[in-house]
Amino acid sequence: MTIDLRRADGDRPLLPTALMVIGGVVFVVLTILVSIRWQPLMDLDQEVAEWAYDVSASRAWLVDLLDVVAIVTSNWTVAVVLAVLAGLLWWRNERLVAIWVVVSGVVVLAGNALIKLAVKRERPVWDLPLHEIGGYSFPSGHSAGAGLLFTVLALLTIVVTGRGLRRRLWLTLWVVLALLVAADRVFLGVHFLSDVTAGLCFGVTATLLLWQLLVHGRGRLPSELAVVTGSGRRRAAVVLNPVKVGDIEDFKAKVRQVGAAHGWDEPQWFETSIEDPGHGQTRAALDSDVDLVIAAGGDGTVRAVCEEATRSGVAIGVLPHGTGNLLARNLDIPVNTRDALDVVFGGQDRAIDLASFTTDGGTETSFLVMAGLGMDAMIMTGVNEDLKKRVGYLAYFVSGVKAITFPRTKVEITLDDDEPRHFRARTVVIGNVGFLQGGIPLLPDAQIDDGLLDVVIVAPKRFIGWLSIVARVITRRKTNDARLTRLCAQRVHVKAEKPVPMQLDGDPVGEGREITAEIHPGVVLVRVPAALAPAE
């Protein structure tokens, strides 16, 4: 988990301020109107309260559920959760954020109690109360606590995740939960609508205000040396796969916008084709003396660009637009284009290994991620392209279910100059990285810059053996047995007893009996997220 406070500024820095101002105004207005007992508001509150009471009173199960929610979301619970969060943040040396969490909790929870004493609004009165509670009504303490807690969780979500669907889903969840807590108080008959509205506004506004005062603008920056690259002229070229990128003009506009914000000139543009997946375009870019070549496409496009830029001393920026994007995922490069652009133009260069790949048919190429033969290659071959467009990498799971019966094959594996080893394998994977889609640690010890290739031989005899393999992979157990064996070397030669499907960085490359892979350490420069300065 990387905490980058600069993410909270975002592309729309005025949005948090606007939300804070609106919330503050609503809270102040409601406080004044409730204090003077403004009759239109009193009438609206009573009407909503009576409707909510009627809904709950006729449903005993709903009242029981509302009681449980009230207990779970009490201010004691909020205080405990905030204390745990603050402790974790302090332990991770994010002490400024930890202090903000603690101060926000004290201000909101204590401040809400003081406001209750100042306004002294009585709670709704019913002949048969659904829930017994004392104290004053305005503003709702549960709602203020919910506004506090879920604003804290929303801001922490923003600073630990990149842009994209996952962040939006989490933020939506926090908003919905806060509203449900507020609604619970009204349907239990213990608060008016204005009580819970004011409570939410107070919790949100105070928490955002304290963020602005204590945390905003204090995000750690990377070392200046971390982002020095090339000649310093900031000239870039973009090699893009038009099939993967989609709306090319919109894509170019994003690249120009972020590049200009980081001080880079208008890039040169090169599009790949079926005939040339990126080699010729990369040569042209290098010939024009650029400081950075940006590869926009899937793993195949990235591989072609990196292969051509080997030992050039020019960094490669990766903009993932494929289904797997395994290189990006293993280098912590965001798969969201906007976040990836920040890395491309503002990251640091890292020297990574490239592996050469030779088949018995004489084909010579390279790979950055993984190569293999057997069942894994059959999975790549069997993927339905239409399904892949709709559900992404989950299409590989569907293909994997179909390929699980792929038969075991006798293979001879030679590591460096050692004696050959013999296996009956369903698949053999040679990896320059360790993680598959979804963070599955197939080769947990693999590092992209360790000068070694990691090998895994998967050889279950029956279906039940797959369960053991899955458990070992997920738990990262490193012991070898007949079902799963992991090895490593600088040079790996695999010879099968008969032709089997082969794959290269997730792309099928036909059938063959032999492959040879050899590592070439540190020959490619790739732009990765810049390490932040240590927390003070």
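Among the residues in region 475-484, are any at pLDDT 80 or above and either on the phi < 0 side of the Ramachandran plot or within 29 Å of the chain's Cα centre (by Cα) (or both)?
Checking region 475-484: at least one residue is at pLDDT 80 or above and either on the phi < 0 side of the Ramachandran plot or within 29 Å of the chain's Cα centre (by Cα) (or both).
Condition first: assigned by TED's automatic domain parsing to the domain that holds residue 72 and under 12 Å from residue 104 (Cβ atoms). Can you find one or more residues in region 186-202 that meet it? Walk me through it before giving the result.
To start, the set of residues in region 186-202 that are assigned by TED's automatic domain parsing to the domain that holds residue 72 comprises 186-202.
Those left that are additionally under 12 Å from residue 104 (Cβ atoms): 202.
Yes, region 186-202 contains a residue that is assigned by TED's automatic domain parsing to the domain that holds residue 72 and under 12 Å from residue 104 (Cβ atoms).
Mind counting the residues in region 478-510 that are in a loop (DSSP other than H, G, I, E, B), of a type in the set (Lys, Arg) and under 19 Å from residue 433 (Cβ atoms)?
Counting residues in region 478-510 that are in a loop (DSSP other than H, G, I, E, B), of a type in the set (Lys, Arg) and under 19 Å from residue 433 (Cβ atoms) gives 1.
Restricting to region 412-469, what's the tally of residues that are hydrophobic (A, V, I, L, M, F, W, C), at pLDDT 90 or above and loosely packed, with under 15 Cβ neighbours inside 10 Å?
Residues flagged as hydrophobic (A, V, I, L, M, F, W, C), at pLDDT 90 or above and loosely packed, with under 15 Cβ neighbours inside 10 Å within region 412-469 amount to 0.
Any residue at all in region 348-371 that's over 17 Å from the mean Cα position of the chain (by Cα) and without any contact (Cβ under 8 Å) to a residue 60 or more places away in the chain?
yes
Return the residues of region 71-97 that are buried (at least 19 other Cβ atoms within 10 Å of the Cβ) and assigned to a helix (DSSP H, G or I); say none if nothing qualifies.
75, 78, 82, 85, 86, 89, 97, listed by residue number.
Consider residue 132 against the criteria (1) part of a loop (DSSP other than H, G, I, E, B); (2) closer than 24 Å to residue 215 by Cα; (3) charged (D, E, K, R): it satisfies all of them except one. Which criterion is unmet?
Condition (2) is where residue 132 drops out.
Residue check, residue 121 against (1) in a helix (DSSP H, G or I); (2) farther than 19 Å from residue 180 by Cα, all met but one. Which one?
(1)
So, in region 133-174, how many residues would count as being within 16 Å of residue 23 (Cβ to Cβ) and of a type in the set (Ser, Thr, Tyr)?
Counting residues in region 133-174 that are within 16 Å of residue 23 (Cβ to Cβ) and of a type in the set (Ser, Thr, Tyr) gives 3.
Looking at 285, 253, 226, 237, can you tell me which residue is buried (at least 17 other Cβ atoms within 10 Å of the Cβ), at pLDDT 90 or above and not in a strand (DSSP E or B)?
On inspection, the qualifying residue turns out to be 285.
Out of the residues in region 328-352 that are of a type in the set (Asp, Glu) and under 18 Å from residue 245 (Cα atoms), which is surrounded by the fewest Cβ atoms within 10 Å (Cβ to Cβ)?
Ranking the candidates gives 339 first.
Results for (1) hydrophobic (A, V, I, L, M, F, W, C); (2) out of contact with any Asp or Glu (no Cβ under 9 Å at 6 or more places or on another chain); (3) closer than 28 Å to residue 509 by Cβ, shown as yes or no for each residue.
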{"position": "270", "(1), (2), (3)": "yes, yes, yes"}
{"position": "276", "(1), (2), (3)": "no, yes, yes"}
{"position": "289", "(1), (2), (3)": "no, yes, no"}
{"position": "294", "(1), (2), (3)": "yes, yes, yes"}
{"position": "298", "(1), (2), (3)": "no, no, yes"}
{"position": "307", "(1), (2), (3)": "no, yes, yes"}
{"position": "310", "(1), (2), (3)": "no, yes, yes"}
{"position": "315", "(1), (2), (3)": "yes, no, yes"}
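Taking the stated definitions as given, is residue 101 in a helix (DSSP H, G or I), under 35 Å from the mean Cα position of the chain (by Cα), surrounded by 15 or more Cβ atoms within 10 Å (Cβ to Cβ) and assigned by TED's automatic domain parsing to the domain that holds residue 193?
yes
Restricted to region 442-469, and to residues that are touching a residue at least 24 places away in the same chain (Cβ under 8 Å) and over 30 Å from residue 524 (Cβ atoms), which residue is nearest to the chain's Cα centre (by Cα)?
If we take residues in region 442-469 being touching a residue at least 24 places away in the same chain (Cβ under 8 Å) and over 30 Å from residue 524 (Cβ atoms), then 466 is nearest to the chain's Cα centre (by Cα).
Which pairs turn up if I take residues in region 82-106 that are aromatic (Phe, Trp, Tyr) and look for partners that are surrounded by 16 or more Cβ atoms within 10 Å (Cβ to Cβ) with beta carbon separation below 7 Å, at least 6 apart in sequence or on another chain?
Short answer, once both residue conditions are applied: 90/98; 100/210; 100/211; 100/215.
Of (1) part of a helix (DSSP H, G or I); (2) under 25 Å from residue 92 (Cα atoms), residue 163 satisfies all except one. Which?
In the conditions (1) part of a helix (DSSP H, G or I); (2) under 25 Å from residue 92 (Cα atoms), residue 163 misses (1) alone.
So which pairs qualify, if the first residue must be in region 204-216 and farther than 11 Å from residue 152 by Cβ and without any contact (Cβ under 8 Å) to a residue 60 or more places away in the chain, the second must be of a type outside the set (Val, Ile, Thr) and in a helix (DSSP H, G or I), the Cβ gap must be under 9 Å, and the two must be at least 6 apart or on different chains?
Listed by first residue and then by second, the contacts come to 213/100.
The values are calculated or read from the model by the stated rules, or taken from the named source; none is laboratory data. From a predicted model like this one, the values you see are computed outputs, not experimental measurements. As a convention, Cβ positions derive from the backbone with ideal geometry for all residues, glycine included, and neighbour counts pool all protein chains shown.
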